[in-house]
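Notes follow the structure.
The values are calculated or read from the model by the stated rules, or taken from the named source; none is laboratory data. Because the structure is a prediction, the values reported are computed rather than measured. Cβ sites come from the backbone with ideal geometry, for glycine too, and all protein chains shown count toward neighbours. Surface areas here come from the heavy atoms of the whole protein model, side chains and all, with no ligands, DNA or RNA. Shrake-Rupley method; radii C 1.70, N 1.55, O 1.52, S 1.80 Å.
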Amino acid sequence: MDYKALNLIGSSSPHIRTKDGAGHIMGEVLIALVLPLAFAVYNFGPRALAAAAVSVAGCCVFELLYRLLLRKNNTLGDLSAAVTGLLIAMVSPVTTPYWILLIGDFFAIVVVKQLFGGVGKNFLNPALAARAFMLSWAGEMTTWVGPKTSVPLMGVIDAETFPTPMSYLHGNDLSGLMKATDLPKMFVGLVGGSMGEVSAMLLLLGGLFLLWRKVITWYIPVSYIGTVAALTFLFPRGNDPLQWMLCNLLGGGLMLGAIFMATDYVTSPVSHLGQAIFGIGCGLITVFIRYFGSYNEGVCYAILIMNLTVWLIDKSIKPHRFGVVKEKEKKAPAQIKKEAAKK
């Protein structure tokens, strides 16, 4: 056979090509977030849509300006900045001032993402890192309004803090939570909380859509949510185990974090076993913070902490290379060449 006639092209790996590039994948994530965002608008008024638009625009502008300033190619087409901006809005209270959202956008895009090389090279989830940074303004970031409360688009918002499910659970007040709401309302999302975290029902629908489109796998969400479920059921802190577990699953940012944050390709392990370990670690830390921390929610910090362990998880469980003896695999390449030269 004349191999020259085949017009083969030599290139570096990966050699498998697919139409599902970053832009396609991020577009699917945006579609999955449409219903939770629509419910936020229904629950908290048009301010929710305005906050999402400001945050998305801020992330896109900061990414464009940074790339232009450093004379790099424009990467807005991969839609990762838009996803980051939308997630920052969704993990924030609807009363969050626009200027705080823009500070979070800058921190996520410039500090966490671009300074480390851009998309695919950040070691922390940009939206969650921004959320943690935005808590520097604790008063503004912990002011919640009740469900079906329309917040004005502009001006200073003078709102009293509405108790969220996590505030009740943090005080072990399950009976108080059940008097204020019930499990069906928590499942639908008729409770206080961050814009995009309240409706477990719509977040699960978005997760099923991403699973159907093969954008994510089930390993991280199931291991994460399952770990939280097991721990809260086994250790209900003197409450009804089943009811306590369900309230911990439906209240707070667990669904949003497990489905849309922890599954981020860049900041999660590559192998399925590694993803399961990652999810279990997120679940353990989430419950530990909720039970023993002064802050009543642990999802954000749990995922960020586990982001820092991804390199170790991938390194520890990487598959054995075919045809390589284990002893040689541990040696440095220079040492192997030296031994081969002696022979």
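Whether any residue in the stretch 147-166 is part of a helix (DSSP H, G or I) and surrounded by fewer than 19 Cβ atoms within 10 Å (Cβ to Cβ) is what I want to check.
No, the stretch 147-166 contains no residue that is part of a helix (DSSP H, G or I) and surrounded by fewer than 19 Cβ atoms within 10 Å (Cβ to Cβ).
With respect to Val310, is the statement that it is open to solvent by less than 80 Å² (accessible area, probe 1.4 Å), more than 17 Å from Gly226 (Cα to Cα) and at pLDDT below 90 true?
no
I'd like to check something: does the stretch 100-118 contain any residue that is among the basic types (Lys, Arg) and open to solvent by 10 Å² or more (accessible area, probe 1.4 Å)? Explain how you work it out, then say what you get.
Step one: filter the stretch 100-118 for residues among the basic types (Lys, Arg), giving 113.
After this cut, where a residue has to be open to solvent by 10 Å² or more (accessible area, probe 1.4 Å) as well, the list is none.
No: zero hits.
I need a count of the residues in the stretch 181-198 that are in contact (Cβ under 8 Å) with a residue 60 or more places away in the chain, part of a loop (DSSP other than H, G, I, E, B) and surrounded by fewer than 22 Cβ atoms within 10 Å (Cβ to Cβ).
The qualifying residues number 1.
With the checklist (1) hydroxyl-bearing (Ser, Thr, Tyr); (2) modelled with pLDDT of 85 or more; (3) under 16 Å from Ala48 (Cα atoms) in hand, flag the one item Thr164 doesn't pass.
(3)
Somewhere in the stretch 230-239, is a residue under 23 Å from Ala32 (Cβ atoms) and either open to solvent by less than 50 Å² (accessible area, probe 1.4 Å) or modelled with pLDDT under 95 (or both)?
Looking through the stretch 230-239, none of the residues is under 23 Å from Ala32 (Cβ atoms) and either open to solvent by less than 50 Å² (accessible area, probe 1.4 Å) or modelled with pLDDT under 95 (or both).
Are any residues in the stretch 206-218 part of a helix (DSSP H, G or I) and either open to solvent by less than 30 Å² (accessible area, probe 1.4 Å) or touching a Ser or Thr at 6+ places or on another chain (Cβ under 9 Å) (or both), and if so, which ones?
Those that are part of a helix (DSSP H, G or I) and either open to solvent by less than 30 Å² (accessible area, probe 1.4 Å) or touching a Ser or Thr at 6+ places or on another chain (Cβ under 9 Å) (or both): Gly206, Gly207, Leu210, Leu211.
Go over the candidates Leu202, Leu174, Leu190, Leu169 one by one and state the one that is of a type in the set (A, V, I, L, M) and over 25 Å from Ala262 (Cα atoms).
Leu174
Starting from the stretch 31-48, take each residue that is on the phi < 0 side of the Ramachandran plot and list its partners that are basic (Lys, Arg) and surrounded by fewer than 18 Cβ atoms within 10 Å (Cβ to Cβ), counting only C-beta distances under 8 angstrom and pairs at least six apart or across chains.
Listed by first residue and then by second, the contacts come to Asn43/Lys148.
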